[in-house]
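Below is one structure, written out as structure tokens; the observations come after it.
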């Protein structure tokens, strides 16, 4: 392993951008999992990837295209009241089809499409870091306000309707935040790397956390730990980053899954 | 509704006919005052839950009208509490979701479950915790749909104890509208019981 490479200034911006994203995406993933919408993240990631390539085809930055693609999907999902696997399945198919068609029909699209699939974080620059800082700022600002309302809507779903409250505002707010998070994650870490950060740490935290605050902290910390391990391994062993991150997430999730039992098996009488 | 706000009903139903694609229940007229624990009894299919849904804006009103006191706050606990395969929230987290004041732990053995994950509670324990979340908050009108479902006699006694607790704050106005097909339970805990005939 080449240890000197970690001191290379070239990798500082990608490292910082990825670190912020790795702390935020698992927290969004925990809320998506509580809403039983984790598959939406894969749909949004495909739309973000397609948006990035379509944006490049018309001369827009990849981050802008990715954000518009995912935000469009998130807004349509929220305002159209789309819920459940069918809607997310269509998002995946639309995104995948648009991604590969854009890759096949644009100059350098094939290589960029492959980069999005592989998750080459080392190409991340100031734009990605700025987007990651914006995402973190939005999450830190919005989640404390959205979280109580989202939890209440999840466990007491009639409450908002019964009290004539504009629930669509906080559902749309969270959907757009999740879409932006997935877009920034996809453009920086790659499609499946971002999805792994949404899904696996939240899944593992759901198995072992003793309460909701613990769930959020554990998910975020596991995301950061998996990211750090993947960064070291991918850079040191010259491996593509996205698959390395996904593999580390899976190993972490598998370990926690093996050491814990599902909660349903421990219910009281 | 006008006049003395303390004496005015929290909710008044006038000849309400409600349903979904077609009318299911009604015409019904009644009013609920602060302090009431009103039981709504009827056989399966008599439209009890539909009437609660109509009060909670979740069913269509075909005729008649429902008048609410100004700024009335409702808490609607459905027949089946939301139960997910994995719920990494504690009982305390659930009460926080429902804005229950921290100085109001539930009475009796329910307080022992506050620090346990919801998915480690039995169905009855979880259901009672949801009922307490409804009763212990600041809602003025609490709608409870079949809260005795799946409860053994011991948990039914605990439910009666929860219903007997005063509102969160001394000055709070609170009424409960409780739907059940268990007539004896309603007679024992409610201040009034209304009967819904199947063709009402």
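Quick note: the coordinates plus some simple rules give every number you see, no bench work behind them. Every value quoted in this text rests on a predicted model; they were computed, and no experiment measured them. Counting neighbours? That spans all protein chains shown, and the Cβs are built from the backbone with ideal geometry, glycine included.
Can we say residue A:161 is more than 14 Å from chain B (Cβ to nearest Cβ) and part of a helix (DSSP H, G or I)?
Answer is no for this residue.
Going through the stretch A:158-176 one residue at a time, which ones are within 19 Å of residue B:58 (Cβ to Cβ), touching a residue at least 24 places away in the same chain (Cβ under 8 Å) and surrounded by fewer than 20 Cβ atoms within 10 Å (Cβ to Cβ)?
Result: A:168, single match.
Condition test on residue B:54, is it more than 9 Å from chain A (Cβ to nearest Cβ) and closer than 23 Å to residue B:180 by Cα? Working first, answer last.
Numbers: more than 9 Å from chain A (Cβ to nearest Cβ): yes; closer than 23 Å to residue B:180 by Cα: yes.
Spelling it out, residue B:54 is indeed more than 9 Å from chain A (Cβ to nearest Cβ) and closer than 23 Å to residue B:180 by Cα.
Can you tell me which residues in the stretch B:91-108 are part of a loop (DSSP other than H, G, I, E, B), without any contact (Cβ under 8 Å) to a residue 40 or more places away in the chain and crowded, with 22+ Cβ neighbours inside 10 Å?
Residue satisfying the conditions is B:98 alone.
Mind checking whether some residue in the stretch B:109-117 is under 18 Å from the mean Cα position of the chain (by Cα) and part of a loop (DSSP other than H, G, I, E, B)?
no
For the stretch A:223-244, does any single residue satisfy the condition of being within 14 Å of chain B (Cβ to nearest Cβ), crowded, with 20+ Cβ neighbours inside 10 Å and touching a helix residue (DSSP H, G or I) at 6+ places or on another chain (Cβ under 7 Å)?
no
Kindly check whether there is at least one residue in the stretch A:192-210 that is outside any helix (DSSP H, G or I) and either under 30 Å from residue B:11 (Cα atoms) or over 15 Å from the mean Cα position of the chain (by Cα) (or both).
Among the residues of the stretch A:192-210, at least one is outside any helix (DSSP H, G or I) and either under 30 Å from residue B:11 (Cα atoms) or over 15 Å from the mean Cα position of the chain (by Cα) (or both), which makes the answer yes.
Scan the stretch A:196-210 for residues that are in contact with a strand residue (DSSP E or B) (Cβ under 9 Å, 6 or more places away or on another chain) and either more than 8 Å from every other protein chain (Cβ to nearest Cβ) or under 15 Å from residue A:31 (Cβ atoms) (or both) and jot them down.
A:209
Given B:81, B:70, B:88, which one is within 13 Å of chain A (Cβ to nearest Cβ), assigned to a loop (DSSP other than H, G, I, E, B), touching a strand residue (DSSP E or B) at 6+ places or on another chain (Cβ under 8 Å) and closer than 30 Å to residue A:146 by Cβ?
After applying the criteria, what remains is B:88.
Among the residues of the stretch B:50-66, are any surrounded by fewer than 20 Cβ atoms within 10 Å (Cβ to Cβ) and touching a residue at least 60 places away in the same chain (Cβ under 8 Å)?
no
Just need a number here: residues in the stretch B:68-82 that are over 29 Å from residue B:119 (Cβ atoms) and either in contact with a helix residue (DSSP H, G or I) (Cβ under 7 Å, 6 or more places away or on another chain) or surrounded by fewer than 16 Cβ atoms within 10 Å (Cβ to Cβ) (or both).
2
If a residue has to be closer than 17 Å to residue B:107 by Cβ and touching a helix residue (DSSP H, G or I) at 6+ places or on another chain (Cβ under 7 Å) to count, how many in the stretch B:139-187 make the cut?
Looking only at that region, the number is 15.
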